[in-house]
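Structure first, commentary second.
The values are calculated or read from the model by the stated rules, or taken from the named source; none is laboratory data. For clarity, every value in this text was computed on a predicted model and none was experimentally measured. Don't worry about glycine lacking a Cβ; one is built from the backbone with ideal geometry, like all the others, and counts go over all protein chains shown.
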Amino acid sequence: MLNLPDDQILPLSLQHNFWTWSAQGKVNPIPVQRAEGVYFWDVNGKRYLDMNSMVMCCNIGHGDRRVIDAIVQQAQELPFAGPGMATRPRALLGKVLSEVTPPGLDRFLYTLGGADANENAVKLARAYTGRFKILSRYRSYHGATFGAIAVTGDPRRNAWEPAVMPGVVHFLDPYRYRSTFHRTNPDISEEEFTRDYLNHLEEIIQYEGPKTIAAILIESVTGTNGILIPPEGYLQGVRELCDRYGIVLICDEVMSGFGRTGKWFAVNHWNVTPDIMTMAKGLTSGYAPLGAVAMRQEIADTFKDQVYEGGLTYNGHPISLAAAIATIRVMQEDGLVERAAKTGQVMAEMMAELIDRHPSIGEARSIGLFGILELVRNRKTREPMAPFNGTSPEMVALRKNLLDQGVFLYTHWHTVLLIPPLIITPEQLEEAFAALDRALQITDAAVKE
């Protein structure tokens, strides 16, 4: 046990750490002492209901002894082996993963997290096709390393431009509530809406030259940039375009994978199998750092005789792989994917009830336990409660109020994300939504009729 008094955790952390996604002079972290189930506690004993699965990753909840024991057992047996060695957890994880991934995606490259999983996916696609361009969407986030931030579409990319990875082209997301193409005809049918956005993508493919495009990289369900659930036929249409033009389809399931949407992976909702699929977060539920790239055998065979020029010191780390095996077994034993689908319906109903009571909610979207409230100042004009890539006094006050009530969640610009652990009960959801109901009075007061 580390010998450090609770009252020293915060001051020492602030003294010696450099914090990501933060202005260093404004950092104010919660000094966390312990966590269990859907809750965590700070050093003062205050309990927080974790409605963000910490960083959208603790799918099985906090403190599951089965995963902890697997980590301890692996640490006692073999805490580390080099990336070129075969180990028991490395032998087992591929078998276990192939039980839950879409059929045909049964070769796995292990990484440290989602960002380097996406970077390796890009390398694989470029080598397999002999092409160099990557198409990705504007409302995407694929990681913060240089390659991953280059394929990211959202403003987090801007601070690091010019990005070091050339050949990235962005296109528009099928975002129904704020559709670029349908501001004057919002009642267009879903079929026509889908077709317009597929036509948009195909037009960009034509402009860029199909024979220059290695891959289309998309989040199966867009995460922090809006929980944008693809309309019916869209993902199938992207798959068809990739097949037609010989382009690799890469689906980023870092956030949406491992039961989050009520299926093992979001692509399962539309019966689409990508050529490459990336994963992290829920893969170990955050108990240890790990990412993975699943690929078709045909792509792996590109390197049957050719050397794959890439690697990581901690690739295939035994402790992380053991955590992943145990996490997947917990999900299977406890039926957490099916549970997320069922509890997700409960959450969707609660979100609908909030809309009826709060004029500051413009739209609520969810799939499984992957939800978002889009807050507006006016439902008719859809003016957001905070500007694009910005915040507002109301959004700051809303989150502070929720933290004061003991509910931890993530707000992004003008939205509130609802991403609890898959083990959450309807009663615990009611606890969170009661706090939300009270806090939304702050944003309701800013509504302009």
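Hey, can you tell me all the residues within region 46-68 that are free of Cβ contacts under 8 Å to residues at least 60 places away in the same chain and out of contact with any strand residue (DSSP E or B) (no Cβ under 8 Å at 6 or more places or on another chain)?
Answer for region 46-68, where residues must be free of Cβ contacts under 8 Å to residues at least 60 places away in the same chain and out of contact with any strand residue (DSSP E or B) (no Cβ under 8 Å at 6 or more places or on another chain): just 65.
If a residue has to be basic (Lys, Arg) and in contact with a strand residue (DSSP E or B) (Cβ under 9 Å, 6 or more places away or on another chain) to count, how many in region 270-329 make the cut?
Number satisfying all stated conditions: 2.
Within region 350-371, work out how many residues are touching a strand residue (DSSP E or B) at 6+ places or on another chain (Cβ under 6 Å), aliphatic (A, V, I, L, M) and more than 22 Å from residue 448 (Cβ to Cβ).
Residues flagged as touching a strand residue (DSSP E or B) at 6+ places or on another chain (Cβ under 6 Å), aliphatic (A, V, I, L, M) and more than 22 Å from residue 448 (Cβ to Cβ) within region 350-371 amount to 1.
Name, by its number, the condition in (1) surrounded by 15 or more Cβ atoms within 10 Å (Cβ to Cβ); (2) more than 22 Å from the chain's Cα centre (by Cα); (3) within 22 Å of residue 247 (Cβ to Cβ); (4) not acidic (Asp, Glu) that does not hold for residue 193.
For residue 193, the failing item is (3).
Among the residues of region 74-95, what is the count of those that are surrounded by fewer than 18 Cβ atoms within 10 Å (Cβ to Cβ), aliphatic (A, V, I, L, M) and within 26 Å of residue 337 (Cα to Cα)?
2
When you go through 212, 129 one by one, which is the residue that is loosely packed, with under 15 Cβ neighbours inside 10 Å and closer than 25 Å to residue 296 by Cα?
212
Can you tell me which residues in region 239-259 are surrounded by 24 or more Cβ atoms within 10 Å (Cβ to Cβ) and either at positive phi or touching a residue at least 40 places away in the same chain (Cβ under 8 Å) (or both)?
247, 248, 250, 252, 254, 255, 256, 258, 259 - these are the residues of region 239-259 that are surrounded by 24 or more Cβ atoms within 10 Å (Cβ to Cβ) and either at positive phi or touching a residue at least 40 places away in the same chain (Cβ under 8 Å) (or both).
Kindly evaluate residue 423 against the criterion of being aliphatic (A, V, I, L, M), outside any strand (DSSP E or B), in the same structural domain as residue 263 (by TED's automatic domain parsing) and under 20 Å from the mean Cα position of the chain (by Cα).
Judged against the criteria, residue 423 is not a match.
Scan region 267-285 and report the pairs whose first residue is surrounded by fewer than 24 Cβ atoms within 10 Å (Cβ to Cβ) and whose second residue is among the aliphatic types (A, V, I, L, M) and part of a loop (DSSP other than H, G, I, E, B), with Cβ atoms within less than 9 Å and a gap of 6+ or a chain change.
Partner pairs satisfying both residue conditions: 269/221; 269/229; 269/367.
Being out of contact with any strand residue (DSSP E or B) (no Cβ under 9 Å at 6 or more places or on another chain), among the β-branched types (Val, Ile, Thr) and more than 21 Å from residue 413 (Cβ to Cβ) narrows it down to one residue among 168, 164; which is it?
Every option except 164 fails the conditions.
Residue check, residue 137 against (1) surrounded by fewer than 18 Cβ atoms within 10 Å (Cβ to Cβ); (2) of a type in the set (D, E, K, R); (3) closer than 22 Å to residue 239 by Cβ, all met but one. Which one?
(1)
Taking residue 434 as the residue in question, decide whether it is of a type in the set (Gly, Ala, Ser) and surrounded by 19 or more Cβ atoms within 10 Å (Cβ to Cβ).
no
Could you go through region 389-408 and let me know if any residue there is part of a strand (DSSP E or B), among the polar types (S, T, N, Q) and touching a residue at least 12 places away in the same chain (Cβ under 8 Å).
no
Mind listing whichever residues of region 114-163 are of a type in the set (A, V, I, L, M), farther than 24 Å from residue 178 by Cβ and in a helix (DSSP H, G or I)?
115, 117, 121, 122, 124, 125, 127, 148, 150
Against the definition (touching a Leu at 6+ places or on another chain (Cβ under 7 Å) and buried (at least 17 other Cβ atoms within 10 Å of the Cβ)), how does residue 101 come out, yes or no?
Considered against the rule, which asks whether it is touching a Leu at 6+ places or on another chain (Cβ under 7 Å) and buried (at least 17 other Cβ atoms within 10 Å of the Cβ), residue 101 comes out as no.
Out of region 185-218, which residues are hydrophobic (A, V, I, L, M, F, W, C) and without any contact (Cβ under 8 Å) to a residue 40 or more places away in the chain?
Those that are hydrophobic (A, V, I, L, M, F, W, C) and without any contact (Cβ under 8 Å) to a residue 40 or more places away in the chain: 188, 193.
Does residue 440 satisfy the criteria of being surrounded by 22 or more Cβ atoms within 10 Å (Cβ to Cβ) and either assigned to a loop (DSSP other than H, G, I, E, B) or over 21 Å from the mean Cα position of the chain (by Cα) (or both)?
yes
Assigned by TED's automatic domain parsing to the domain that holds residue 98 and among the polar types (S, T, N, Q), is that true of residue 343?
no
Could you check region 1-106 for strands (runs of 3 or more DSSP E) lying wholly inside it with 3 or more residues that are closer than 21 Å to residue 287 by Cα and not charged (D, E, K, R)?
Fully inside region 1-106 and qualifying: 32-36, 39-42.
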